[in-house]
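Structure, as structure tokens:
The values are calculated or read from the model by the stated rules, or taken from the named source; none is laboratory data. This is a predicted model, so every value here is computed, not measured. Positions of Cβ are generated from backbone atoms using ideal geometry, with glycine treated the same way; all protein chains shown enter the neighbour counts.
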Amino acid sequence: MSRELVEGEVGAKADMEDVFIQRGNILVFMKNGAVQRATFITPNLLRDGTYGADVKLQAAGGTALIKLSSAK
């Protein structure tokens, strides 16, 4: 995974490492089309995709179980 690929996906510059070789998730937080923050988490617990602002991540009993919830 590269910064170039992430920037291509989100359509904006992202202040992050150039390359990630460890398996995990890159979370990019955006507001009004601009990247506010990008972070990398391990292990790889989330499905690939694009999530809206109403999504909430909840750890149930530890980081091994992550639940995505949405108001929709």
### Query
Filter segment 9-18 for residues that are at pLDDT below 85 and not basic (Lys, Arg); which is farthest from ALA53 (Cα to Cα)?
GLU17
### Query
Is there any pair linking a residue in segment 38-55 that is in contact (Cβ under 8 Å) with a residue 40 or more places away in the chain to one that is surrounded by 11 or more Cβ atoms within 10 Å (Cβ to Cβ), with Cβ under 6 Å and at least six apart or on different chains, and which?
none
### Message
What's the total number of residues in segment 26-42 that are assigned to a loop (DSSP other than H, G, I, E, B) and either of a type in the set (Asp, Glu) or closer than 20 Å to SER2 by Cβ (or both)?
### Response
1
### Message
Given (1) touching a Phe, Trp or Tyr at 6+ places or on another chain (Cβ under 6 Å); (2) loosely packed, with under 12 Cβ neighbours inside 10 Å, identify the lone condition not met by MET1.
### Response
(2)
